[in-house]
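The values are calculated or read from the model by the stated rules, or taken from the named source; none is laboratory data. All values derive from a computational prediction rather than experimental measurement. Quick reminder, even Gly has a Cβ in these numbers, built from the backbone with ideal geometry, and neighbours come from all protein chains shown.
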C-alpha cells in the first residue's frame, strides 16, 4: 500500500506515513468521521467532551475553575454554547415539520378554533345582523393575523435558532444576576449561563426526539429539567442548602417575569411590524 499523498510505500499496520507524516485513511468518509474532523480542526476534540461530561456531573466546578483562571482544561464557554446550539439547530431543522407540529400542540385547541374560523365562509351563515357579521369578519381577520404570526414566529426561531441563542444569553445572565446577586458580576454570569445553556441544549434535543416518537408534551418537560439543572448548578456554585435554593427559585419567578415580559412585548411589536410589512392585506381586512 502506498501513501495517497506522497506515494511512499507504507507498512501494513502504519497509521501515519513515515515520509510525509500524513494520516493513513483506510475507511470511507462517514458522519462520525466528519464530526471527528470538525472537532479536531477546531482544536477541542477531547477538551469539548471533557467539558461536556463534567457539566453534567459537576457544572459548578467547571464554572468556578474557568472563572478562577483555569482556561486550558475547559473549552471556551462561547465555543461550547455554539456547538450545543449547532447540534440543536441541525436536529430541529432535520425534523422541522415535527418541530412546528409540537409547537402547535402547546395551544392545540386555540389554534384549531382559529383555523376553523378562518376556513368558514361567513356569507353562508344565516340569521346574522349586519353588526354581528361585521364582528365575525373582524374576529376572522384577527384569527388570520394570529395564525400567521405564530407560524412565522416558529419558523423564525427554527431558522435562526443559533443566532437567537446568543441574543438571549445576556437576558439569561441578567435573570441569574438579579436572582443570585452576590459574588459573581454580570460578565461572570454570562460565562456561567453560556456553559449551562450549552449543556441544556442536549436535554432539549433528547426531550424533542422523545416527543416525536413518544408524546409531544415531553418537549415541555425539558423546561422543567432546565430549571432544576440551573437550580442545582447555582446551588452548588453558591453553596446553598435545599431551603435556600427554594427561596432563590421563588425569587427567580418574579425576576423572570420582570425581564421576559418586556422582552416578549418588544419581540411581539417587532414581529407585528414585520408581519404588517410583509402581509399588509391581513391588516387591511381587519
Considering the stretch 229-241 alone, what residues qualify as being more than 17 Å from the chain's Cα centre (by Cα) and either in a helix (DSSP H, G or I) or modelled with pLDDT under 90 (or both)?
-> 231, 232, 233, 234, 235, 236, 237
Scan of the stretch 214-228 for residues that are surrounded by fewer than 18 Cβ atoms within 10 Å (Cβ to Cβ) and under 18 Å from residue 60 (Cβ atoms), ordered by number | 225, 227, 228
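Please enumerate the residues belonging to the stretch 160-187 that are touching a residue at least 40 places away in the same chain (Cβ under 8 Å) and under 13 Å from the mean Cα position of the chain (by Cα).
Here is the first cut: in the stretch 160-187, the ones touching a residue at least 40 places away in the same chain (Cβ under 8 Å) are 161-162, 165-166, 169, 171, 174-176, 178-180, 182-184.
Listed by number, the residues that qualify are 161, 162, 165, 166, 169.
Look at residue 162 and say whether it is under 23 Å from residue 226 (Cα atoms) and not in a helix (DSSP H, G or I).
Judged against the criteria, residue 162 is not a match.
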